[in-house]
Each structure stands twice: as structure tokens, then as C-alpha cells.
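The values are calculated or read from the model by the stated rules, or taken from the named source; none is laboratory data. Predicted, not measured: the structure shown is a model, and the values here were computed from it. No Cβ is skipped: glycine too gets one built from the backbone with ideal geometry, and neighbour counts run over all protein chains shown. Heavy atoms of the whole protein, side chains included, go into the accessibility calculation; ligands, DNA and RNA do not. Shrake-Rupley method; radii C 1.70, N 1.55, O 1.52, S 1.80 Å.
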Amino acid sequence: MSLQSTLERLATYRANNMRASQDIFRNGLLVLQKSSFKQLGDDGNHCGVPAGWTSLEQFALASIDVGRLDIADQCLQLIADKFPNSPRVDCLIGIRMEATEPPETALKYYADILEADSANVAIWKRRISVLRRTGKIEKAVNELVQLLDTFYTDVEGWLELADIYALCNQYDHSFQALSHVLLLMPQNPFYVLQAAETAYTSEDFSLAIKMFLTVVDMTDADDSEQLLQDSTPLGITVRAWFGVKLCTRRIAQNVNLRSLSNTSAPKNSELLDELATERLRVAYSSLGQKGEIAKGRQEVFAWVATPLA
């Protein structure tokens, strides 16, 4: 593989935010052996940093992932020499420290940096990550809440907070964190689906079915271009229809169950159940790219045929 194609491959991984550490390490090692990172360091640009040095940073992280700390140290030394006193270098050093040093050492390192620069979001997030990984969940939540009070638009932070609450079975708090995500990124159907599934887990079925239907509305074929009965649900839309089907059943089984969000139950839940059944039948009746019938079709057909109540 040529040097140019290797660098292009590394750039593709960065552009797609892929953490293919083994392949990145294998390709990066070829470039490092040719001493080409430093040579190409000033070519191109990525987020204000020359692309060659960004590739070296990427290679350093991959080296830590695969346990080649000797290679990681070489990369870090090259980067530190080029960018002394850089916040990004500080973060890389902290990640390298996490690989071998006790958690308390890394936490103190991050605390010292934050004392000098409390607006260093990357360092703040690394500190929260260490706290969570070492089981100090309450401290991690408190620091994450402080971070989000300061940087409200940090979607990744809200998702992290929602995930922590969900793992602690605090689904109401998890949903509240996700509601901030929906305010910041209302156009992302995956976040709406996550909120719908969280509402379902917290047994707020009226709210959950409303959000599952929102996902369907966001992802299904537009009615003006293609009639609903002629379209085939795919991907996330199928998952949303499963959610609708589950909700209609739970609502039918618990007619007097109160919604924690005071969301009114749909008046036509029987019709929604029939529609969800029809959509799931269509999804599992269609042939795949190789003409194969969807796996689990018989099981799905048997499940959707079960009476509503």
C-alpha cells in the first residue's frame, strides 16, 4: 500500500469517526517506519491542525488501544515537540497516563489542569470518564451536571448523563437528560427513538407511543411521494413500529395506568395496533438484497397475530 493511500485510509477513519484501532495501528506503523508523519505534518489541515499531525494523534490513540505503549510514547514525543503547551497534547498525555498509572494519579493530573483552565472541556470529560470507570458514579454525575451547566449545548454530555442514569435504573432522570438532547438536536430520529425507549422502560406508555410515532413520521416515506401501503419500513422505522406495537399492548392491558408525564393515551390504540401489525408484516415479508426472506419472519408473524388483550 502506498503512503498516499495509507494516509487517505486514516483520513477516512477520522472523517467517519471510526475507532478501528487494529487497522489504524497497522497502517500508521508503516507511515511511522518511513518517518513520514513529521515530513507530511504541515500538509493539509484538519480542525486547525495540519493533517499529518492529526494522523499522528490518531495513531497514538490507536497504539494505546492495542497496548503498544512504546509506539504511543514515540508519537506523543513528536507531537509534544511540535506543539508545546497545547491543550490537545495535555489530553493525550492524560489518556496515556490512564493506561498505566493508578486512577488517582490521572484524576490529580486532570484536576491540576482544570484548576488552571476550568474551560478545558476535553480534560473535564476525561476526568468524568475516569470517575465513572472507577465506580465513583455520584461524583461523575455531579461533575457532568456542572459541565452541562457551563456548556449547555454539549450534546455528548447530555447523552452521557442519560446513559449513566439509565444504568442506575433512574429512567425518569435519563429521559429528562434526553429531553435536552431533543431540544438541541430535534431533527435526529435516533435520539427521539432513544427517548421513546426510555419512556417505555419507565412505563410511561402514552408518552412512549407518541414518540415512537414521531420516529415513524421522521423516517418513513413521505405520503406525497409514496403511499403508505406501497412502502416498506426499513431500519429504524421497523424498530419504531415494534415500539408502537408493544405500547398498544401495554396500554390495553393497563387501561387505568397513569402517565407520569400526564400524556393522554391514544383514543384509537386498536387502530394503531392494527397498523403496526400490518407494517411489521410488510417489513418481514420483503426480500433482502440477495432475495432472502427476513430472518425471524415466522416468529414475528406469530407474535403480531397474538390478540391485543
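Data for the structure
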quantity: Cα-based shape type of the range 133-190, given that a ≥ b ≥ c are square roots of the gyration tensor eigenvalues and the cut on a/c is 1.5; calculated: oblate
quantity: Arg26/Glu156 FRET efficiency (R0 30 Å; Cβ-Cβ; nearest 0.05); calculated: 0.60
quantity: Contact order relative to length of the chain, as percent, for alpha carbon pairs under 8 angstrom and 6 or more apart; calculated: 8 percent
quantity: Among Ala177, Ala195, Ala11, residue whose mean-square fluctuation peaks in a GNM of the chain (springs only between Cα atoms under 10 Å); calculated: Ala11
quantity: Positive minus negative residues near Thr201 (Lys, Arg vs Asp, Glu; Cβ under 14 Å); calculated: -4
quantity: Reference-scaled alpha-carbon Rg (2.2 N^0.38 Å with N residues) for the range 58-159; calculated: 1.10
quantity: FRET efficiency, Leu114 to Gln33 (Cβ-Cβ, R0 30 Å, nearest 0.05); calculated: 0.20
quantity: Local net charge near Ser264, Cβ-Cβ under 15 Å (Lys/Arg +1, Asp/Glu -1); calculated: +2
quantity: P(r) weight above 31 Å for the chain, C-alpha pairs, percent; calculated: 50 percent
quantity: Met18 accessible area, 1.4 Å probe, all protein chains in place, Å² to nearest 10; calculated: 90 Å²
quantity: Accessible area of Ser261 in the full protein assembly, 1.4 Å probe (Å², nearest 10); calculated: 50 Å²
quantity: Where the range 92-133 is the region considered: accessible area per residue in Å², 1.4 Å probe; calculated: 50 Å²
quantity: Potential extension, Lys139-Val255 segment - 0.36 nm per residue separation minus Cα distance; calculated: 37.7 nm
quantity: Stretch gain in nm, segment Thr232-Gln77, where the contour uses 0.36 nm per residue and the Cα spacing is subtracted; calculated: 50.4 nm
quantity: Global form of the range 101-160, assessed from the alpha-carbon gyration tensor, a/c cut-off 1.5; calculated: oblate
quantity: Highest to lowest packing among 119-132, 64-77, scored as the average C-beta count within 10 Å; calculated: 119-132, 64-77
quantity: Radius 14 Å from Cβ of Lys245, net charge of other residues (Lys, Arg +1; Asp, Glu -1); calculated: -1
